[in-house]
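Read the structure below first, then the notes.
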Amino acid sequence: MIYLGSDHAGYEMKNALGDYMQELKQECVDLGVFTGDSADYPDIAREVAEKVSENPGSFGILICGTGTGMSIAANKLNGVRAASVTNETMAEMARRHNNANVMALGSRLIDIEKAKHFVKIFIETPFDTDERHQRRVDKISDIEKNRK
Ligand code: RB5
């Protein structure tokens with residue numbers, strides 16, 4: 001399952017990615033925003049990240065102007081590993097090495113075709129099951145558990 005969300009800056013790209021998910025026959029829930037009116041990115045990042053946190057194995061895709069605010073906010077939730085992605089290597093490696101479950105995109109940095117390409121890479125790339133990657137991701141979880 002993919003949970004999709006954006007603020008006003010990512011609204012058009014979010015809608016285009018929703019259509020693309022349908023084309024790919026990928027189950028997807030659009031959590032908004034549903035108009036182009038000004039919206040605060042932490043609100044939607046929270047909604048999407050809560051769903052990802054509650055549903056292991058699901059992914060989130062968040063779009064704002066740069067992807068930065070969305071990734072910062074989403075990473076505050078337990079079990080969420082949000083990666084800001086601006087090229088295909090980042091899309092692939094966020095999955096392979098970091099087991100990222102949320103991808104944050106910047107609508108002011110990339111066009112819709114690139115966004116689709118990065119989304120496809122992200123959802124199709126597995127986490128490398130190599131022990132060293134798992135150990136490092138486990139250490140991220142330890143930081144989360146001992147959060148001050
Ligand atoms: C909105 O103008 C912009 O600040 C927001 O979309 C995002 O880029 C924040 O990180």
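Observations
- Per-region count, segment 1-54, residues within 16 Å of the ligand (Cβ to nearest atom), in contact with a Cys (Cβ under 6 Å, 6 or more places away or on another chain) and part of a helix (DSSP H, G or I): 3
- Out of Phe118, Phe127, one residue alone is over 18 Å from Gly10 (Cβ atoms) and away from the ligand (no atom under 16 Å from the Cβ). It is Phe127.
- Segment 86-96, residues that are within 21 Å of Asp128 (Cβ to Cβ) and either buried (at least 21 other Cβ atoms within 10 Å of the Cβ) or within 16 Å of the ligand (Cβ to nearest atom) (or both): Ala91, Ala94, Arg95
- Segment 66-84, residues that are in a loop (DSSP other than H, G, I, E, B), within 16 Å of the ligand (Cβ to nearest atom) and either without any contact (Cβ under 8 Å) to a residue 24 or more places away in the chain or within 22 Å of Ile121 (Cβ to Cβ) (or both): Thr66, Gly67, Asn75
Per-residue answers, yes or no, for (1) acidic (Asp, Glu); (2) surrounded by 15 or more Cβ atoms within 10 Å (Cβ to Cβ):
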{"residue": "Tyr3", "(1), (2)": "no, yes"}
{"residue": "Gly10", "(1), (2)": "no, yes"}
{"residue": "Lys25", "(1), (2)": "no, no"}
{"residue": "Asp30", "(1), (2)": "yes, yes"}
{"residue": "Thr66", "(1), (2)": "no, yes"}
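- Answer residue from segment 129-148, given it is of a type in the set (S, T, N, Q) and loosely packed, with under 12 Cβ neighbours inside 10 Å and is nearest to the chain's Cα centre (by Cα) among those: Thr129
- Answer from Ala83, Ala49, Ala73 - the residue that is buried (at least 16 other Cβ atoms within 10 Å of the Cβ), more than 9 Å from the chain's Cα centre (by Cα) and of a type in the set (Gly, Ala, Ser): Ala73
- Scanning segment 55-65 for residues that are touching a residue at least 60 places away in the same chain (Cβ under 8 Å) and within 10 Å of the ligand (Cβ to nearest atom) turns up nothing.
- For Phe34, the requirement of being over 13 Å from the mean Cα position of the chain (by Cα) and modelled with pLDDT of 95 or more is met.
- Long-range neighbours under 8 Å by Cβ, at least six apart or interchain, first residue touching a residue at least 24 places away in the same chain (Cβ under 8 Å) and more than 15 Å from Met103 (Cα to Cα) within segment 1-30, second assigned to a loop (DSSP other than H, G, I, E, B) and among the basic types (Lys, Arg): Ala9/Arg108
The values are calculated or read from the model by the stated rules, or taken from the named source; none is laboratory data. Just so it is clear, the model here is predicted, and its values are computed rather than measured. Reconstructed Cβ throughout: ideal geometry from the backbone, glycine too, with neighbour counts over all protein chains shown.
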